[in-house]
Amino acid sequence: MGFATDAIHIGQEPDPATGAVIVPIYQTSTFVQEELGKHKGYEYARTSNPTRAALERNLAALERGRFAFAFASGMAAINAVMTLFKAGDHVAAGRNLYGGTFRLFERVLKDFGLTFSYADTRQLEEVERALRPETRLLFVETPTNPIMEITDLAAVAKLAHRHGILLAVDNTFMSPFFQQPLELGADIVVHSTTKYLNGHSDGVGGAVILKDARLAERLKFIQNAAGAVLGPFDSWLILRGVKTLAVRMRQHNANGMAVAQHLERHPKVRKVYYPGLSSHPQRDLARKQMSGFGGMLSFETGSLENARAVLKSVRLCSLAESLGGVETLISHPATMTHASVPAEERKQLGITDGLVRISVGIEDVEDIMADLDQALDQIPN
Ligand SMILES: Cc1ncc(COP(=O)(O)O)c(C=O)c1O
């Protein structure tokens, strides 16, 4: 079946108990047992819950994996992946990760003996140079947030496997509708489901998807043992969101491209970062491994004052962290999502004080462009 059909149906068969078309919210902490050791597959809701299980089956199918595990947030999902490893293990990661991921690595996991180094994962030689004998994982985000740099997933998967290393990819920005890292050779996919998978900005969640049964068994053990599971209501919200993922992503993509082109022509905008633009240095690679360019873009206003003027003046676009919802959100990476990245590193990454990020929603695109135009007019000539 096609992607949209899978999104609507997999894991979501009519409820066997009642025939309900929609998977119920099994808001229960425990499940009665007929006699010792005899139950219907569920014992205690941290270990497994039918609503969460439905979501996990659905996400496994959409990412073309075999197993999925839903967590209380994207960070909880990433943290669970990292606990597959042990003190002394080394992780090579992209140099331009989501700020919260960088913070988890540097300010939490380092204290437990994991070591990290960072590379520009666009450059295979740089990735190879970052590897050590004790490297166990390569962790990549593509496109990166907010500069939209693209890593060649098939190439880094090959490189990682040649060195006996696992490849994990944070696929939050693209969603499985536009990019399927497991098909390109990755071993592990992580998501902040808070973003496109949910799509309606009304729940925080995360997921890990993989193919390998042994890794999956260990991750299931960790999910239950550490317990950062996604609750049934949040699981249900994501299931509901995922049903429209295909139509939403098509519209995010169309609006994203239109806004990117519009901003690129705007005299007050110095540069636009969007992988669908011909000015993007990696557009061909983006075309090769993604089936669309998505709704995320950033643009350079030239200074903190200019960025502040734009962000203060928008009316339709909401000034807020996060992304991937139906509504357009606008943010300032240097002081919001990437505030935990040291200023010097931000500078090296191109995350200037004048950079503004937009998660282009699915409103009428003319309204989004008109709002940005009137906000850009506030920048002095
Ligand atoms: C790319 C990416 N990965 C992970 C996360 C963390 O997800 P959460 O906020 O659901 O914990 C985010 C959050 O913004 C993100 O943008």
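Only sites in a loop by DSSP and with at most 16 other Cβ atoms within 10 Å count here; which GluC sites (Glu not before Pro) in the stretch 243-345 make the cut?
E321, E327
Cα-based Rg of the stretch 159-280 per 2.2 N^0.38 Å, rounded to two decimals?
1.30
Using the heavy atoms of the protein chains alone and a 1.4 angstrom probe, what is the accessible area of the stretch 246-376 per residue in square angstrom?
Ligands and nucleic acids excluded, the figure is 41 Å² per residue.
Quick one: check the C-alpha center-to-center distance for the stretch 202-259 versus the stretch 102-177, whole angstrom.
20 Å
Short version: what are the Cα gyration tensor semi-axes of the chain, square root of 5 times each eigenvalue, largest first, in whole Å?
Here the semi-axes work out to 35, 26, 18 Å.
Summing Lys, Arg as +1 and Asp, Glu as -1, what charge do residues with Cβ under 12 Å from the Cβ of D353 carry, D353 excluded?
Within the 12 Å Cβ shell, the charges total +1.
Taking all protein chains as present, what is the carbon and sulfur share of the accessible area of the chain, in % to the nearest whole number, probe 1.4 Å?
About 53 percent, which is the carbon plus sulfur part of the accessible surface.
Inverting the mean 1/r over all pairs of different Cα atoms, compute the Kirkwood radius of the stretch 121-196 and quote it in Å.
Here the Kirkwood hydrodynamic radius works out to 12.6 Å.
Charges only on Cβ, +1 for Lys and Arg, -1 for Asp and Glu: so what's the dipole of the stretch 132-231 about the Cα centre, in debye to the nearest 20?
320 debye
Projecting each Cα onto the charge dipole of the stretch 54-159 (Lys/Arg +1, Asp/Glu -1 at the beta carbon, about the Cα centre), which of F112, T144, N58 comes out farthest on the positive side?
Value: N58.
What is the Cα radius of gyration of the stretch 246-376 over 2.2 N^0.38 Å, N being its residue count?
In units of the 2.2 N^0.38 Å rule of thumb, it is 1.00.
Normalising by the residue count of the stretch 3-242, find the relative contact order in percent from Cα pairs under 8 Å and 6+ residues apart.
Taking the mean separation of contacting Cα pairs over the length of the stretch 3-242, I get 25 percent.
Would you mind putting 6-17, 331-342 in packing order, based on average other-beta-carbon counts within 10 Å, highest first?
331-342, 6-17
Under a 1.4 Å probe, what is the accessible area of the stretch 3-242 per residue, stated in Å²?
42 Å²
For the stretch 3-242, what is the percent of antiparallel DSSP beta bridges, rounded to the nearest 5?
Of those bridges, close to 45 percent are antiparallel.
Given the rule -39500 (n - 2.57) for each run of at least 4 DSSP H residues, summed and divided by the residues of the chain, what is its mean residue ellipticity at 222 nm, to the nearest 500 deg cm²/dmol?
Counting only the DSSP helices, I get -11000 deg cm²/dmol.
Going by a ≥ b ≥ c, the root eigenvalues of the Cα gyration tensor, does the stretch 1-92 fall in the rounded group (a/c under 1.5), the prolate group (a/b larger than b/c) or the oblate group?
oblate
What are the ³J(HN,Hα) couplings of the stretch 246-262, residue after residue, when phi is run through the Karplus curve with 6.51, -1.76, 1.60 and θ = phi - 60°? Round to Hz, x for glycine and proline.
4, 5, 5, 5, 4, 6, 4, 5, 5, 5, x, 5, 5, 5, 4, 5, 4
The values are calculated or read from the model by the stated rules, or taken from the named source; none is laboratory data. All values reported here derive from a predicted model rather than from experimental measurement. Don't worry about glycine lacking a Cβ; one is built from the backbone with ideal geometry, like all the others, and counts go over all protein chains shown. For accessibility, only protein heavy atoms count, side chains too; no ligands or nucleic acids. Shrake-Rupley method; radii C 1.70, N 1.55, O 1.52, S 1.80 Å.
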